[in-house]
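Okay, so here's the structure we're looking at.
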Amino acid sequence: MNSISRKILGKISGLRIDILVLRKNKICVTNFKRRISLIQCYMQKPTGIITDEQRKRSLPKKLPIAGVDHVVCIASGKGGVGKSTVAVNLALAVSQNEPEARVGLLDADIYGPSIPLMMNLSGQVYLNDKKLMIPLENYGIHCMSMGLLTDSNSPIVWRGLMVMSAIERLLRHVAWGPLDYLFIDMPPGTGDVQLSISQNIPVNGAVIVTTPQDIALLDARKAVEMFTKVSVPVIGIVQNMGVFVCHHCGTETRVFGNDGAYRLASDTGLNVIVDLPLVPDIVETCDRGTPITLSQPDSEIATKYRQLGRTVIEYLKKQ
Amino acid sequence: MSATSNLRHNILVLSGKGGVGKSTVAVQVALSLRSLGHRVGLLDLDLCGPSVPRMLGLEAHQVVQTEGGGGWQPVYPYADQSLAVMSIGFLLKDREAAVIWRGPKKHAMINQFLGDVAWGNLDFLVVDTPPGTSDEHISVVEKLRGASTHALLVTTPQAVAVSDVRREVNFCRKMGVPVLGVVENMSGFVCPHCSECSRLFSSGGGTALCELYGLSLLGQLPVDPALGRCLDSGKDYMSEFNDSINSKVLMKIAESVVEQCSVA
């Protein structure tokens, strides 16, 4: 027997195992060690209690995406609060703040992919010689979305298991290449997609987007709880659509309630990183595929997005 | 009453897009149908983000078993039991607890909501759904196969919303669920100071969607901060603001739903 198999035998007590070592490489040894651990678990007298160590061992291991240094999720719990808008403008703002950085944007909303429209992406997705999908690039951002792989009119009528498989492909079968930052636009909710992403890749931080109203905060709280449960640090909160300023008379109206994001922040010990007003140009520029950070870089909104970008990057660099 | 009772019209409130106001429209349409004299059920199928209990001021309520083992009793906000409400929100001990479930568990819960709840004799069951075309939507359509089931689509005016709702239209076609029409929500905002209307979320999306698919535009609901405030605090918007544009449009939507369901 070689030295590797002798070492493994030494860990098992009272069990005779015949080992046939076919190959001496790391993957075989790792797989073999995992099987031995499982056998040890079965052999132990049942105590009725699964230890934290055993629980952690049975969760999927987080495997980083090759070549990607930092991953940030933009999430909310609630739909329609502006996750995609924030994700797109944040990616562009980071790119403006750090022109040398390579930035990627993954649209993880399988059912309602908005990134292709907002980033004005079109065209075929090609495979490289390693059979990985090449992200489409626009405005210097490398993007991938289910919307680029399917007909824009066809619904994705899939149950959770198929969605998990699709997410796996978008994470592992894309030539993300060397990226400094990958921003993931998450779908609404706290279900399959969020779990699949958080449990399978190391996520360096999450940004929670909410509107001011209580109904949105209820869901934002759940998103914070979910990220805490899967050990993803929450960088902070973005309050979106906080106030509307009438273009005709300048009156400010809090269309969607009063500063609820600040209540959420104080309850959870997080900070409101930026407070974004409701500006019709934001929607109209996204609809045209020319996000406001790009098309109106001197606007108040673009300045706020660059401020958000700086806060996120500083947080990542401190980790 | 079984899940596929033929005497009851099921109205699925759907949107491909999140945050367009499905729950708001579902709650207000259910209340409007009730005010037209119908017996209405309201089922909140958004398991991860149940908004209905909050919107109706029912957060403190819990679900109880009916006597004789007849299943779960829905929550009745009115003494005459003209509105029956069910949501996962009533089953959570802590209303802020996150429901982080994968598909099969959601499917089982939906089967229970449709099969094990003592809904009683209803004229309409309004079903609020989460965004998308996933487990919840597939499960509810499969469970309601054979019954009178229709879809009410909600969108906002912007292109990003419309592009998602287009998929929802095709979902309905694929699953054989007839579409009653489209409601365009957040369709403009009238400044309370100068009364000028601003397009907060672009314009024209609802109309374009209807033209593309030959659907009826059942109503356009402008943004009214009072509606959001009422929903946040569980107050009845249509009673307190019955003269508002939104109240009138919602009533017309309910009347159209009744008319189309009785003809079908």
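The values are calculated or read from the model by the stated rules, or taken from the named source; none is laboratory data. From a predicted model like this one, the values you see are computed outputs, not experimental measurements. Cβ placement follows ideal geometry from the backbone for every residue including glycine, while neighbour counts extend to all protein chains displayed. Remember, those area values only see protein heavy atoms, side chains included, never the ligands or the DNA or RNA. Shrake-Rupley method; radii C 1.70, N 1.55, O 1.52, S 1.80 Å.
Structure summary
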{"quantity": "Qualifying residue in the range B:68-84 (condition: in contact with a Pro (Cβ under 9 Å, 6 or more places away or on another chain) and in a helix (DSSP H, G or I))", "calculated": "no"}
{"quantity": "Qualifying residues in the range A:172-192 (those that are among the charged types (D, E, K, R) and modelled with pLDDT under 95) - the one nearest to A:Val68 (Cα to Cα)", "calculated": "A:Arg172"}
{"quantity": "Test result for B:Asp80, of a type in the set (D, E, K, R) and either within 17 Å of the chain's Cα centre (by Cα) or over 30 Å from A:Phe227 (Cβ atoms) (or both)", "calculated": "yes"}
{"quantity": "Among (1) within 27 Å of A:Thr190 (Cα to Cα); (2) at pLDDT 95 or above; (3) not in a loop (DSSP other than H, G, I, E, B), the one test that A:Thr293 misses", "calculated": "(1)"}
{"quantity": "Test for B:Gly132: is it open to solvent by 10 Å² or more (accessible area, probe 1.4 Å) and either at positive phi or modelled with pLDDT under 90 (or both)", "calculated": "no"}
{"quantity": "Number of the condition not met by B:Gly21 [criteria: (1) on the phi < 0 side of the Ramachandran plot; (2) within 14 Å of chain A (Cβ to nearest Cβ); (3) modelled with pLDDT under 95]", "calculated": "(1)"}
{"quantity": "Residues that are open to solvent by less than 60 Å² (accessible area, probe 1.4 Å) and not basic (Lys, Arg), drawn from the range A:297-312", "calculated": "A:Pro297, A:Ser299, A:Ile301, A:Ala302, A:Tyr305, A:Leu308, A:Gly309, A:Thr311, A:Val312"}
{"quantity": "Hits in the range A:250-263 - residues which are out of contact with any strand residue (DSSP E or B) (no Cβ under 9 Å at 6 or more places or on another chain) and part of a helix (DSSP H, G or I)", "calculated": "A:Arg263"}
{"quantity": "Given (1) within 13 Å of chain A (Cβ to nearest Cβ); (2) more than 30 Å from A:Trp158 (Cβ to Cβ), index of the condition B:Gly219 fails", "calculated": "(1)"}
{"quantity": "Restricting the range B:137-146 to residues that are open to solvent by 10 Å² or more (accessible area, probe 1.4 Å) and not aliphatic (A, V, I, L, M), the residue that is nearest to B:Arg167 (Cα to Cα)", "calculated": "B:Glu142"}
{"quantity": "Checklist (1) modelled with pLDDT under 95; (2) within 14 Å of another protein chain (Cβ to nearest Cβ); (3) farther than 29 Å from A:Gln319 by Cβ; (4) part of a loop (DSSP other than H, G, I, E, B) applied to A:Gly77, failing item", "calculated": "(3)"}
{"quantity": "Residue selected from the range B:104-129 under the condition within 14 Å of chain A (Cβ to nearest Cβ) and buried (at least 22 other Cβ atoms within 10 Å of the Cβ), by the criterion modelled with the lowest pLDDT", "calculated": "B:Lys106"}
{"quantity": "Output for the range B:222-260, where each listed residue is more than 14 Å from chain A (Cβ to nearest Cβ) and either in contact with a Cys (Cβ under 9 Å, 6 or more places away or on another chain) or of a type in the set (A, V, I, L, M, F, W, C) (or both)", "calculated": "B:Asp236, B:Met238, B:Glu240, B:Phe241, B:Ile245, B:Val249, B:Leu250, B:Met251, B:Ile253, B:Ala254, B:Val257, B:Val258"}
{"quantity": "Selected residue (criterion: farthest from B:Leu200 (Cα to Cα)) from residues of the range A:266-296 that are in contact with a Gly (Cβ under 8 Å, 6 or more places away or on another chain) and more than 10 Å from chain B (Cβ to nearest Cβ)", "calculated": "A:Leu270"}
{"quantity": "Filter result (facing another protein chain (nearest Cβ under 8 Å) and either hydrophobic (A, V, I, L, M, F, W, C) or touching a residue at least 40 places away in the same chain (Cβ under 8 Å) (or both)) within the range A:141-163", "calculated": "A:Pro155, A:Ile156, A:Val157, A:Trp158, A:Leu161, A:Val163"}
{"quantity": "Test for A:Asp109: is it open to solvent by 30 Å² or more (accessible area, probe 1.4 Å) and out of contact with any Phe, Trp or Tyr (no Cβ under 7 Å at 6 or more places or on another chain)", "calculated": "no"}
{"quantity": "Out of A:Asn128, A:Asn120, A:Asn153, sole residue that is in contact with a Lys or Arg (Cβ under 6 Å, 6 or more places away or on another chain), open to solvent by 40 Å² or more (accessible area, probe 1.4 Å) and not hydrophobic (A, V, I, L, M, F, W, C)", "calculated": "A:Asn153"}
{"quantity": "Residue list for the range B:1-18, restricted to those being modelled with pLDDT of 95 or more and open to solvent by 10 Å² or more (accessible area, probe 1.4 Å)", "calculated": "B:His9"}
